[in-house]
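One structure is given below, represented as structure tokens, and several questions about it will come after.
Any read-out appearing in this document is the output of simple, stated calculations on the displayed coordinates, not a laboratory observation. No experiment lies behind these values; they were computed from the predicted model shown. All Cβ positions, glycine included, derive from the backbone under ideal geometry; neighbour counts span all protein chains shown.
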Amino acid sequence: MDSIDLRSDTVTWPTPEMREAMYQAEVGDDVYGEDPTINRLEELAARRLGKEAALFVSSGTQGNLIAVLAHCNRGDEMIVGQSSHTFINEVAGASALGGVSSYTIPIQQEGTLSLADIRAAIRDPRDIHYPTTRLVCLENTNGAVGGIPLSIQYTRSVGELCSECDLKLHIDGARIWNAAAAFGCDVKDLAAPADSISFCLSKGLCAPAGAILCGSCDFIERSRRLRKMLGGGMRQIGILAAAGIIAIEKMTKRLQTDHSNAKRLAEGLSDIPGIHLNMQQVQTNMIFFRLDESRSIDAAQMTAVLAREHNVRLDVTGPRSFRAVTHYWITAERIETALAAIRQVWEHA
Ligand SMILES: Cc1ncc(COP(=O)(O)O)c(C=O)c1O
């Protein structure tokens, strides 16, 4: 990876160890349940997440969609954050393919959906005008507010509310291992209140593709059928599972390094006059920052110069704002190189 690519942790390449394991992987036809490596990955994932069963899916988006389809009937409703990935960035799959409507509520500064907002969004089941509220979706870590992790206590309180109101709880845990690393807790405790949880193997964990959906045996059985319906029944995917096993066993243990690098990048950026960010928000591997009006260069122009002249890539989130995400291929040394480049381009604009 020769550019310093901070646009996302989705840009990560598999590690040399993953490539070797993929080459050596024992495979079979997974639609017949005969791929030994995928079976090993699914057992490992279920055990680590503290759920009865797990299913390998093609992407985080597919995992979230299957969860919605498995929990809800057509005409049901789910309560979801207004700027959540599931609502904004998953092509409205829940409504297009599942006939499930989304009741959106604001995401708070700390990445949570307020309990009061969730409660207020639950429809009165006696009123025949309303859809049936069936599901609440949380996102941990929460990408919209800077990768903020949701705590065990908070997730438990949502789980209790869901049980009280006979609702299911799904967690889009694309980066749940980052949340566990940030709290220094067992990922099981973050997953425990949820009926289902998905997480990505392909982001900070470096696998080339895939995500995992976990839940009860009955839920996963329904999910396996739904995955097939969506065209996601795959064959010799032990090749991908081999990378996924390393992702879970090894890559989850090093995420704290990405978080320290993100802190260092954020500190360095906030030392540059004219660049602003909220250090409180930097809790995992994401940094959101913005330029003030003291220079005329905008975010699009700045990223173009950074890419062209310094091989540093940032994600533009607004006219004067950016996102940077640290990951396996961004070493502490590369953070310093990126910082020097950003400072130089900004100060000479
Ligand atoms: C919070 C969150 N959920 C789900 C996804 C979807 O993952 P995928 O790109 O594998 O579909 C992403 C992807 O960036 C994400 O950030």
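Towards the positive end of the charge dipole of segment 15-251, with charges on Cβ (+1 Lys, Arg; -1 Asp, Glu), say which of Pro36, Leu135, Val91 has the farthest Cα.
Result: Val91, furthest along the dipole toward the positive end.
Give me the number: length gained by fully extending Ile128 to Asp2, i.e. 0.36 nm times residue separation minus the C-alpha to C-alpha distance, one decimal in nm.
So the chain would gain 39.5 nm between Ile128 and Asp2.
How many angstrom separate the Cα center of segment 1-62 from the Cα center of segment 180-210?
13
Could I ask something else about it? Per residue, how much space in cubic angstrom lies within the convex hull of the C-alpha atoms of segment 135-276?
Cα convex hull per residue, to the nearest whole number: 140 Å³.
Follow-up. Please work out whether segment 288-349 counts as rounded, prolate or oblate from its C-alpha gyration tensor, where a ≥ b ≥ c are the square roots of the eigenvalues and a/c under 1.5 means rounded, while otherwise a/b larger than b/c means prolate and anything else oblate?
In terms of gyration-tensor shape, prolate.
Here's something else I'd like to know. For segment 145-155, take each phi angle, set θ = phi - 60°, evaluate the Karplus expression 6.51 cos²θ - 1.76 cosθ + 1.60, and give the result in whole Hz per residue in order, putting x for glycine and proline.
Coupling constants for segment 145-155: 10, x, x, 6, x, 8, 6, 4, 4, 5, 4 Hz.
Within the P(r) computed for segment 151-221, what percentage of the Cα pairs occupies the region above 16 Å?
51
Give, as ranges by residue number, the residues of segment 325-349 whose backbone N falls under 11 Å from the point 7 Å along Cα→Cβ of Thr317.
In segment 325-349, the label zone of Thr317 (backbone N under 11 Å from the point 7 Å along Cα→Cβ) covers 325.
Now for a different question. In nanometres, what is the gap between the two model label sites at Arg254 and Asp218, each 7 Å from Cα along Cα-to-Cβ?
Distance between the two pseudo-spin positions: 4.2 nm.
For segment 212-280 and segment 120-165, what is the separation of their C-alpha centers, rounded to whole Å?
Computed from Cα coordinates, the inter-centre distance equals 22 Å.
Could you list which residues have their amide H under 5 Å from that of Thr317, counting only those 5 or more apart in sequence or on another chain, with H placed in the peptide plane?
Answer set, sorted by chain and number: Phe322, Arg323.
Let me ask something else about it. Given a Förster radius of 35 Å and the C-beta distance between Asp298 and Gln109 as r, what FRET efficiency does 1/(1 + (r/R0)^6) yield to the nearest 0.05?
0.85
Going 7 Å from the Cα of Ala192 toward and past its Cβ, which residues in segment 50-70 have a backbone nitrogen under 19 Å from where you end up?
So the set is 50-53.
Could you tell me what percent of the DSSP beta bridges with both partners in segment 32-157 are antiparallel, to the nearest 5?
Taking every DSSP beta bridge with both residues in segment 32-157, the antiparallel ones total about 10 percent.
Estimate the FRET efficiency between Tyr23 and Ala332 by the formula 1/(1 + (r/R0)^6), using the beta-carbon distance for r and 30 Å for R0, to the nearest 0.05.
Computed FRET efficiency for Tyr23 and Ala332: 0.50.
Just want to confirm a number: the relative contact order over segment 15-152, from Cα pairs under 8 angstrom separated by 6+ residues, in percent.
Relative contact order for segment 15-152 comes out at 20 percent.
Give a residue-ordered list of calculated ³J(HN,Hα) values for segment 30-44 (Karplus: 6.51 cos²θ - 1.76 cosθ + 1.60, θ = phi - 60°; whole Hz; x for Gly, Pro).
Per-residue couplings from phi come out as 5, 5, 8, x, 10, 9, x, 6, 5, 4, 5, 4, 5, 5, 4 Hz.
Check Ser83: other-chain or 5+ apart residues with amide H under 5 Å from its amide H, H built from backbone geometry?
Those lying under 5 Å, H to H, from Ser83 are Ile107.
Same structure again: Output the antiparallel fraction of DSSP beta bridges having both residues in the chain, as a percent to the nearest 5.
That works out to approximately 55 percent antiparallel.
Could you run the Karplus curve 6.51 cos²θ - 1.76 cosθ + 1.60 with θ = phi - 60° over segment 261-274 and give me ³J(HN,Hα) per residue in whole Hz, x for Gly and Pro?
Once rounded to whole Hz, the list reads 5, 5, 4, 4, 4, 5, 4, x, 5, 6, 7, 8, x, x.
Now, a different point. Which of the lysines could a cross-linker span from Lys188 if the Cα-Cα distance has to be under 27 Å and same-chain partners fewer than 8 positions apart are dropped?
Lys51, Lys168, Lys203, Lys250, Lys253, Lys263
In Å and from the alpha-carbon atoms only, list the Rg and Dmax of segment 15-251.
Considering segment 15-251 through its Cα atoms, Rg and Dmax are 17.3, 58 Å.
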